[in-house]
Amino acid sequence: MKTIMIVYGTRPEGIKIAPLVLALSRAHSLKPLVVSTRQHTDMLDQVNTFFGITPDVTLDVFRSNPSLNLLSARILDQLDPLLVEHAPDALLVQGDTTTVMAAGIAAFYRRIPLVHLEAGLRSGNIMSPYPEEANRKIVSQIAALHLAPTPEARDNLLGEHVRPENIAVTGNTVIDALHYTVSQDVPFTDPSVQKVVDSGRRILLVTSHRRESIGEPMQHTARALAQIADLFPEDVILFPIHKNPAVRDIFVPALDPKPNVVFTEPLDYPQFAHALDASHIVLTDSGGVQEEAPSLGKPVLVLRDNTERPEAITAGTVKLVGTDTERIVFEVTRLKNNPDTYRAMATAVNPYGDGHATERSIAAIEQLLGIGTRKPDFAPHVVPRVA
Ligand code: UDP
């Protein structure tokens, strides 16, 4: 049996590799060896627990808040002996963190074929998101197999001279994970969240945490949310707020006195998926949420000036609104007051996946390793929403 080492460290990586690890654990041709860099601690543990995944190895690379350079050096240093000991037939990374870039280089230097899940995303600006745009471009130079979630991602890779035979369009495994998660019965542990969901009031779900927005841009967003809370007192703003104190220092003072703003600790992934399902409009700067919400028929306003996920903008289910106070208030008001605008965004097709990205990814990996054949590429126009 062949072995594939899977290296990951954050909650979004944990969500997106979970369906793959679970499917591989049941497969007979390919065994997963799961290595965590544990960039996220509690948030990642929650995801691992929900999906029943226990990493085989956990690296000790994040102690004492390392610089990106020290972190990269530690990952290279600690992963190398594992590559020698286990001699995996391939190494898989997901996305664009420093874990992905460093583990990718470690595999390449050991001549182990590198598989990149969620390959080909580009913002077009090397400084934003930072350092993720550079990380994913570096990995695209050295990967043997690029699992692109969408045709647009494949086109980005082709534009950088990646050979077409090394790209498979799979859809995003985040949708596979979401399909599974919303089908499960998940109670909310925070009674204030349960109360909001049970109240039947319309929920504006907000997440905001991106480093490049901290400071002025985030203050503008906070001001917009305060105005929205006043303009629509019958609705509730539900805000699972990131643990970063810099984020809390901006949003909490601006919104805490408002009776229709409910802050909660970051929800664990299954609860967040259910909150998303219960919401009316989503305001976010998260990448993963932009992909998930369309599957549940929720309009998304993106609190960023650019996105590496343009597909949903083209499909009409996501709108880039940036962090300008007036623009955010305007767009929310438009969705609230104009049912046709709302319906158009809520019923658009999800371009990110049909729930079968896992099997396409595994088939493409099996082909890379000479033990199987690929499945047809994911074609977004035939995707139904989750019921
Ligand atoms: N998420 C979560 N709890 C929250 C907010 C988000 O579980 O309180 C999930 C969400 O469903 C998505 C992922 O975390 O799958 C996105 O993570 P994040 O926004 O941290 O990172 P990004 O996607 O921007 O890299």
Distance histogram in 20 Å bins (all Cα pairs of the chain, percent per bin): 29, 59, 13, 0
Hey, what did the stretch 20-64 get for relative contact order, percent, Cα under 8 Å, at least 6 apart? 43
Could you work out how far the C-alpha centroid of the stretch 277-306 sits from that of the stretch 223-271, in angstrom? 16
Mean separation of Cα contacts under 8 Å (6+ apart) over length of the chain, as relative contact order %: 15
Per 0.36 nm of contour for each residue apart, how much would the distance between Asp155 and Ser183 grow if the chain were fully extended, relative to their Cα-Cα spacing? 6.8 nm
With only helices counted (DSSP H, runs n ≥ 4, each -39500 (n - 2.57)), the per-residue ellipticity at 222 nm for the chain, to the nearest 500, works out to -14000 deg cm²/dmol
In the chain, what % of DSSP beta bridges are antiparallel (nearest 5)? 0
For the stretch 9-135, what relative contact order do you get, as a whole percent, if you take Cα pairs closer than 8 Å and at least 6 residues apart? 20
Loop-resident GluC sites (Glu not before Pro) in the stretch 215-320 with no more than 13 other Cβ atoms inside 10 Å, DSSP not H/G/I/E/B, are Glu234
Can you tell which of Ala348, Gln39, Phe251 lies farthest toward the positive end of the dipole of the chain, using +1 and -1 charges on the Cβ of basic and acidic side chains (Lys, Arg; Asp, Glu)? Ala348
Rounded to whole angstrom, the alpha-carbon centroid of the stretch 1-76 lies from that of the stretch 148-171 at a distance of 24
Per the C-alpha gyration tensor (a ≥ b ≥ c, the square roots of its eigenvalues), the stretch 50-128 is rounded if a/c is under 1.5, else prolate if a/b beats b/c, else oblate; here it's rounded
Gain on full stretching of the segment that runs from Asn166 to Met127 - 0.36 nm per residue minus C-alpha separation: 11.3 nm
What is the spin-label model distance, in nm, from Gln141 to Asp256 if the labels are put 7 Å beyond Cα along the C-beta direction? 4.7
Apply the Debye scattering formula to the stretch 124-213, with a single equal point scatterer on each alpha-carbon and no solvent, then give log10 I(q)/I(0) at q = 0.19 Å⁻¹. -0.99
Quick one: if you stick a label point 7 Å off each Cα along the C-beta vector at Leu70 and Thr3, how many nm between them? 3.1
Given +1 on the Cβ of Lys and Arg, -1 on the Cβ of Asp and Glu, and no further charges, what dipole in debye does the stretch 296-387 carry about its Cα centre, rounded to the nearest 20? 240
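No lab work stands behind these numbers, since they all come straight from the coordinates. Keep in mind that what you see is a predicted model, and the values were worked out from it rather than measured. Methodologically, a virtual Cβ is constructed for each residue, glycine included, from the backbone with ideal geometry; neighbour enumeration extends over all protein chains shown.
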